[in-house]
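What follows draws every value from the coordinates through simple rules; no lab data is involved. Please read these numbers as outputs of a predicted model, since none were measured by experiment. Backbone-built Cβ (ideal geometry, glycine too); neighbour counts: all protein chains shown.
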Amino acid sequence: MKPIELHADNFQATLAKPGIVLVDWWATWCGPCRAFAPIFEKAAAAHTDVTFGKVDTDSEQALAGQFGIQSIPTLMIFRDGILLFSQPGVVPLASLNDLIAQAQKLDMAQVRRDVEAQRGTARVA
C-alpha cells in the first residue's frame, strides 16, 4: 500500500486507529529524505497491515513543532496511538522491517500499563 499524506486535519484520526502507524517526517529539499523515500515505500508495499504516513514538515510546521521534529527525516512508530519509537536519520530497509516486527510482537496491554505507571510517577513528582 502506498504511504498516505498526513496533515493536521487527519493526523490524530490516523493515530487513533488500532494498529501500527509509521510516520516519515520529511521535506522536498532534504537529500536524506529523498534517499529514505524508496525504502519507506518498499516497506509500505511489504507490510499491507501497517499504515504508512508522510508529513511534509514545510507545509505542516505546526504539527512538526508539536512533535518536536528538529531533524529530518525522522521516523516515528505508533501502535494503538502510543509512540513506541522515534529516530532521526535514514533507516535501512532491513532495520525498518525489524522495527515493524518488534512493534507487532509487543504486548500492548503491558505497554499501556507502563505508560500509565510513568504518567502516575510524573504526576507525583
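Normalised by the number of residues in the chain, the mean separation of alpha-carbon contacts (under 8 Å, six or more apart) gives a relative contact order of 30 percent. With a cut-off of 15 Å between beta carbons, the residues surrounding residue 107 carry a summed charge of +1, where Lys and Arg count +1 and Asp and Glu -1. With Cα atoms defining each centre, the stretch 73-101 and the stretch 12-57 are spaced 9 Å apart in the structure.
For the stretch 27-115, the list of chymotrypsin sites (Phe, Trp or Tyr not before Pro) that fall in a loop by DSSP and count at most 13 other C-beta atoms within 10 angstrom reads 29. A cut-off under 14 angstrom between Cβ atoms defines the neighbours of residue 48, and their net charge, with Lys, Arg +1 and Asp, Glu -1, is 0. Shape index of the chain: Rg/Rh, with Rg the Cα radius of gyration and Rh the Kirkwood radius from the inverse mean 1/r over Cα pairs, equals 0.98. Modelled spin labels at residue 114 and residue 71, positioned 7 Å past Cα toward Cβ, are 2.3 nm from each other.
Annotation: the residues 96, 84, sorted from fewest to most other C-beta atoms within 10 Å of their own C-beta, follow the order 84, 96.
Only helices enter this figure: runs of n ≥ 4 DSSP H residues, each worth -39500 (n - 2.57), summed and divided by the residues of the chain, yield -14500 deg cm²/dmol at 222 nm to the nearest 500. Shown is the FRET efficiency for residue 10 and residue 85, computed with R0 = 25 Å from the Cβ-Cβ distance and rounded to the nearest 0.05: 0.75.
First select every other residue whose beta carbon is under 12 angstrom from the beta carbon of residue 29; then total the charges, Lys and Arg +1, Asp and Glu -1.
Details: positive: 34; negative: 56, 58.
Overall, the nearby charge balance is -1.
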